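In what follows, a structure is listed as structure tokens, so that the remarks can point back to it.
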Amino acid sequence: MMKKAIKISLILVGLILVLNIKAQDEQAVGSFKEVVLNMTLSEVDSIKTVTITATTTENGKEVPVAGETVSVFVPRMFSNFPIGDITLDDTGTGTIEFPSDLPGGKEGILTIVAAFIDNATYGNVEKREEIHWGLPTDYLPTSHRALWTTRAPYWMIYTLSVLLTGVWGHYFFAIISLIRIRIDAKRKAKAEYRI
Amino acid sequence: MMEADKKLIADLTPEIENTSIKWYITFFVFLAFFVVGIYGLIQQIDKGHIVTGMRDNVVWGFYIVNFIFFMGLSYSGALISGVLHLFHTGWRKPIIRMAELITVISLVIGPFFIFFCIGRLDRLHYLFMYPRIQSPITWDVIAICTDLVGCFIYLYLSFIEDFAILRDYPDLNVAPWKKKLYKILSLGFTGTEHQHRLLRNARTVMAAMIIAIAIIVYSVLAWIFGVTLQPGWHSTIFGPYFVIAAVFSGTGLLIILMWIFRKVYHLEEYITKRHFVNVGVLLTVIAAFYGYFTFSDYLTKWYGSIKMDSILIDKLFTDYYSLFIFANYIGILLPGIIIAFPRFRTIPSITIAAVIALLALWVNRYIIVIPTLETPFLPIQDVRTDWITYAPTWIEWALTFAGVSVFAMLFMLVSKIAPIISISEMQEKDKIEIMK
């Protein structure tokens, strides 16, 4: 009887925990309003512009998100490089000029991100696009031999090769000696067997 | 048939034939430490390096200290055994095998601490797939692999004659698998003049080679620090300084092992006070060199008064005062004083001096690695203290003790397969004495 009661209690506690977690998740999802972010990237007379449009749905109708701040940045190796913040106008639109001198790897490709960050109404929402707006930069010219390129200076290769050849050559000598000891032992055993 | 002195075999082989309860108890105690270490490692793999004391700034902790320490022991073992062998030092014979075993066992354990330290072990093979010859890390990988092969060959060469003696000794009461092992590993060595010549030449070549490799390889390890533009590390004397420090620690460990095996395996007749005094004098001489290098390194840094060096030296004399004094004053002077005065030259006091030297050298490694990482070039503001200071966690302690335990266990296991004193070396001694 006692065991049954404990079992039922445990099942009930487990059920309550699961329902509670589910309810918390639903609450977390349901606490922010849905928003659609659109990003348009345009270039006119060498001036690069990022245009952001944000809309939300109210009573089944699509309405612009006005007065909110959208952050624009470019993800780099360790953190995000901020381009600036855009305050959306009454039509839910905002623009910002994009710099022309950002390095963008070998191909010059940059990832541009527009995002609501910790927004009280919309939470964290982001839109990202890739575009050839960066300066193509190749920091590792393959033709050059140096400490910092992919090709080592010749003196390093020569030094290492000479050292390794010398050392492994001696190892080889020792191993050959061991093989010769084995051969000699076999020969001696054979001779003794004949006698 | 390899002939051998019956008394010699009777004195040196009982530990191969029988295993005492004490041996098992000791082994299981070390095994327990090892298991705790493995538990700690599982925790680390499961939760990540956050369970260690290492953080963004102090990215190297106990693991790197232990790595340098064990590698140092290994190179010193190679140097000591190589030099003793090449110069045909008469008194070397009972202790040379211990030095050889220190070399290989430490070399096997050391690199594991690097594995514990690496955050992305799944990328370890990149070191071999995409090596950059310009990187000191690549030099170190090549050097350690080369050294490992060389030390194994050297150790094996020194064991062949003993394996042949044990194979041919009819009264040896060991398990059949051991007899079979001796037969395979002795390569059919029967002690003909031709075989002796081949073995002698190979051993001489390898002895010379492992001395050279030990110096180069430990210098490479020192250069990993030396070529880094960090306060306290960027020093031109780090190569020789590390080599001398390594020999210092290895000599200390050799004395400790001599004391342990002499006592446990009752080898008083073979490892005498003379051996302790001779190795002790070696320890004193090396302590003098090591002290000279230490003083020279810190003096130039202090006098130069480069800002970051001054901050580092201030830190060493404040936050790390007691460790600094222990590592660089007590650890160098006390062993020297104990051994320099003839009245203190007893086996226990020389062993105590060796223990102090060994511990001091470990602490020396600690104060080379950690305070520098706690002295960054860029000022760090408004960060949590534990991000810029280092305190080892129980997991790091557990893995450190696990490393020491594995060292002890491997030594114990090897001593069950081959005598801890080389029978063939001892016989050679007898031959020389007879010839004289």
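The values are calculated or read from the model by the stated rules, or taken from the named source; none is laboratory data. Since we're looking at a predicted model, the values are computed, not measured. No Cβ is skipped: glycine too gets one built from the backbone with ideal geometry, and neighbour counts run over all protein chains shown.
General remarks:
- Test: residue in segment B:145-162 that is more than 9 Å from chain A (Cβ to nearest Cβ), of a type outside the set (Asp, Glu) and more than 18 Å from residue A:175 (Cα to Cα): no
- Residue within segment A:164-171 that is in a loop (DSSP other than H, G, I, E, B) and either aromatic (Phe, Trp, Tyr) or over 30 Å from residue B:195 (Cα atoms) (or both) present: no
- Checked against (1) under 30 Å from residue B:147 (Cβ atoms); (2) crowded, with 16+ Cβ neighbours inside 10 Å, residue A:123 meets all criteria but (1).
- Qualifying residue in segment B:253-262 (condition: of a type in the set (Phe, Trp, Tyr) and more than 19 Å from residue B:80 (Cβ to Cβ)): no
- In summary, residue A:174 fulfils each of the numbered conditions (1) surrounded by fewer than 12 Cβ atoms within 10 Å (Cβ to Cβ); (2) within 14 Å of chain B (Cβ to nearest Cβ) with the single exception of condition (1).
- Some residue of segment B:164-172 being part of a helix (DSSP H, G or I) and within 11 Å of chain A (Cβ to nearest Cβ): yes
- When residue A:149 is tested against (1) within 9 Å of another protein chain (Cβ to nearest Cβ); (2) part of a helix (DSSP H, G or I), just one condition goes unmet, and that condition is (2).
- Within segment B:132-165, the residues that satisfy the criterion of being in contact (Cβ under 8 Å) with a residue 40 or more places away in the chain, hydrophobic (A, V, I, L, M, F, W, C) and within 30 Å of residue B:11 (Cβ to Cβ) are B:151, B:152, B:153, B:155, B:157, B:159, B:163, B:164, B:165.
- For first residues located in segment B:390-419 and free of Cβ contacts under 8 Å to residues at least 60 places away in the same chain and within 13 Å of residue B:62 (Cα to Cα), partners that are of a type outside the set (Ser, Thr, Tyr) and assigned to a helix (DSSP H, G or I) and lie 6+ apart or on another chain with Cβ distances below 6 Å do not occur.
- When segment B:174-196 is limited to residues that are in contact (Cβ under 8 Å) with a residue 60 or more places away in the chain and in a helix (DSSP H, G or I), the one that is nearest to the other protein chains (Cβ to nearest Cβ) turns out to be B:181.
- Residue that is touching an Asp or Glu at 6+ places or on another chain (Cβ under 8 Å) and either in contact (Cβ under 8 Å) with a residue 60 or more places away in the chain or not hydroxyl-bearing (Ser, Thr, Tyr) (or both), where the choices are B:27, B:62, B:87: B:62
- Residue B:273 being charged (D, E, K, R), touching a Leu at 6+ places or on another chain (Cβ under 9 Å) and at pLDDT 90 or above: no
- Any hit, segment B:231-240, residues being under 23 Å from residue B:85 (Cβ atoms), more than 14 Å from chain A (Cβ to nearest Cβ) and at pLDDT 90 or above: yes
- Residue match in segment B:295-306 (condition: surrounded by fewer than 18 Cβ atoms within 10 Å (Cβ to Cβ), modelled with pLDDT of 90 or more and within 22 Å of the chain's Cα centre (by Cα)): no
- Total residues in segment B:197-229 satisfying the condition of being over 14 Å from residue B:147 (Cβ atoms) and either touching a strand residue (DSSP E or B) at 6+ places or on another chain (Cβ under 8 Å) or away from chain A (no Cβ under 12 Å) (or both): the figure is 7.
- Among the residues listed as A:57, A:53, the single one being in contact with an Asp or Glu (Cβ under 9 Å, 6 or more places away or on another chain), part of a strand (DSSP E or B) and surrounded by 12 or more Cβ atoms within 10 Å (Cβ to Cβ): A:57
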